[in-house]
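Report on the structure given below.
The values are calculated or read from the model by the stated rules, or taken from the named source; none is laboratory data. Only a predicted model underlies this, so the values are computations on that prediction, with no experimental measurement involved. Quick reminder, even Gly has a Cβ in these numbers, built from the backbone with ideal geometry, and neighbours come from all protein chains shown.
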Amino acid sequence: MIIEIEKEDEIQEAAKKIITTYGQRFYAFSGEMGIGKTTLIRHMLDSLGVKEFEGSPTFAIVQSYGSTTPIYHLDCFRIENQAEAFEIGIEELFSESAYFFVEWPEKIISFLPNDVIWVYIRKADLTEKRIIHIAHDNQS
């Protein structure tokens, strides 16, 4: 699936479309710093009923939401290596039945489950338009 976003107000619609299409899954968000990963996740969480978004968990690494269905937002930017990921319990966390929204998944690639929905975000040329490409593997 490819989604093009030209205006910020189109992000909510894109987020709903992704959640409706793929449901409760493991989402890995890839793209350069400042491209809009956290913004898209915020809107996806809003589509799931999370109204008090706490921002990207850059320093905490993991932020949990949800009461009936667990929802986890991870920002793995600060993880230095696989050993550190193991020490903070990433492997155990990923064994839960929950929604996962992971920024910088490349940092913990060996811990990712097989059935990941990859969300690649990039700018279109020199415009502010964003291209969101969604794939079921990291080969795109």
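With respect to ILE108, determine if the residue is among the hydrophobic types (A, V, I, L, M, F, W, C), more than 22 Å from GLN12 (Cα to Cα) and more than 12 Å from the chain's Cα centre (by Cα). Considered against the rule, which asks whether it is among the hydrophobic types (A, V, I, L, M, F, W, C), more than 22 Å from GLN12 (Cα to Cα) and more than 12 Å from the chain's Cα centre (by Cα), ILE108 comes out as yes. Just for the stretch 2-20: of the residues that are in contact (Cβ under 8 Å) with a residue 60 or more places away in the chain and more than 12 Å from the chain's Cα centre (by Cα), which one is nearest to PRO70 (Cα to Cα)? The selected residue is ALA14. Scanning the stretch 124-140 for residues that are at pLDDT 85 or above and charged (D, E, K, R), we see that the one that is surrounded by the most Cβ atoms within 10 Å (Cβ to Cβ) is ARG130.
Say whether the condition of being touching a Phe, Trp or Tyr at 6+ places or on another chain (Cβ under 6 Å), over 18 Å from LYS16 (Cβ atoms), touching a residue at least 12 places away in the same chain (Cβ under 8 Å) and not hydrophobic (A, V, I, L, M, F, W, C) is met by at least one residue in the stretch 111-130. Looking through the stretch 111-130, at least one residue is touching a Phe, Trp or Tyr at 6+ places or on another chain (Cβ under 6 Å), over 18 Å from LYS16 (Cβ atoms), touching a residue at least 12 places away in the same chain (Cβ under 8 Å) and not hydrophobic (A, V, I, L, M, F, W, C).
Yes or no, residue by residue, for (1) loosely packed, with under 14 Cβ neighbours inside 10 Å; (2) in contact with a helix residue (DSSP H, G or I) (Cβ under 6 Å, 6 or more places away or on another chain):
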| site | (1), (2) |
| --- | --- |
| ILE2 | yes, no |
| ARG25 | no, no |
| THR38 | no, no |
| ILE41 | no, no |
| MET44 | no, yes |
| THR68 | yes, no |
| ILE71 | no, no |
| GLU80 | yes, no |
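Applying the set (1) under 24 Å from LYS129 (Cβ atoms); (2) modelled with pLDDT of 90 or more to CYS76 leaves exactly one unmet item: (1). Only residues that are part of a strand (DSSP E or B), among the hydroxyl-bearing types (Ser, Thr, Tyr) and in contact with a His (Cβ under 8 Å, 6 or more places away or on another chain) were counted in the stretch 88-140, giving 1. When GLY49 is tested against (1) of a type outside the set (D, E, K, R); (2) closer than 24 Å to GLN12 by Cα; (3) without any contact (Cβ under 8 Å) to a residue 24 or more places away in the chain; (4) outside any loop (DSSP other than H, G, I, E, B), just one condition goes unmet, and that condition is (4). Checked against (1) more than 16 Å from LYS16 (Cα to Cα); (2) modelled with pLDDT of 85 or more; (3) surrounded by fewer than 18 Cβ atoms within 10 Å (Cβ to Cβ), THR58 passes all but condition (2).
Residue count for the stretch 4-23 under the criterion of being surrounded by 11 or more Cβ atoms within 10 Å (Cβ to Cβ) and part of a loop (DSSP other than H, G, I, E, B): the result is 2.
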